[in-house]
1. Report, ordered by the first and then the second residue, all pairs with beta carbons closer than 6 Å, sequence separation of six or more or different chains, a first member in region 104-121 that is more than 25 Å from D57 (Cα to Cα), and a second member that is open to solvent by 60 Å² or more (accessible area, probe 1.4 Å) and at pLDDT below 85.
2. Among E52, E66, which is the only one that is among the charged types (D, E, K, R) and at pLDDT below 95?
Amino acid sequence: MGAATSSTANSSPELRSINDLCVIIPVLNERENVLQAVHSVLQSGPNAYQPEVVVVDGGSTDGTLELCQALPGVKVLKSSAGRGRQMNVGWRSSQAPWVLFMHGDSQLPPSYPSALQHALLPAQPAKGRGGQQQEAGLAAAHGSGPTHPPAAPALWRPGAVRQQGLAGQ
């Protein structure tokens, strides 16, 4: 995993390597879904993607915590319930210059590393038919139903917060 440096806030926003990424997955009773979420992050291919993966459990009672603790290469933390609290616990545990938050019942597409790179390039957006802007393809497959609207992962660069000493607040 890439480590943040003292110049993180002033450096280029480009994601230099997938190892500069920490994926935070807050969970609460996601035993049925969390394995697919984690595997979508740690997918293998010509180049195995190895970002840091942090699962933050908010007090699951269905065995989610124990299942995640058995996963190699995954940091598992406990927190009180609440997605915001869990996200804060997760990003504060990492020194990666980039953090991606995703739901425990979501899956990243196989192309997510290149989609991240594309999204962070300082270039003009691609134009589609009729001059419409095209978005980078980083939508995550997400559980469906009335309580699960489509959700995209959120990418964040916490360097400035860390530098200002606000990370512990």
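1. L120/P13; L120/E14
2. E52
The values are calculated or read from the model by the stated rules, or taken from the named source; none is laboratory data. For clarity, every value in this text was computed on a predicted model and none was experimentally measured. All Cβ positions, even for glycine, are placed from backbone atoms using ideal geometry, and neighbour counts span all protein chains on display. With ligands, DNA and RNA removed, areas are computed over all heavy atoms of the protein, side chains included. Shrake-Rupley method; radii C 1.70, N 1.55, O 1.52, S 1.80 Å.
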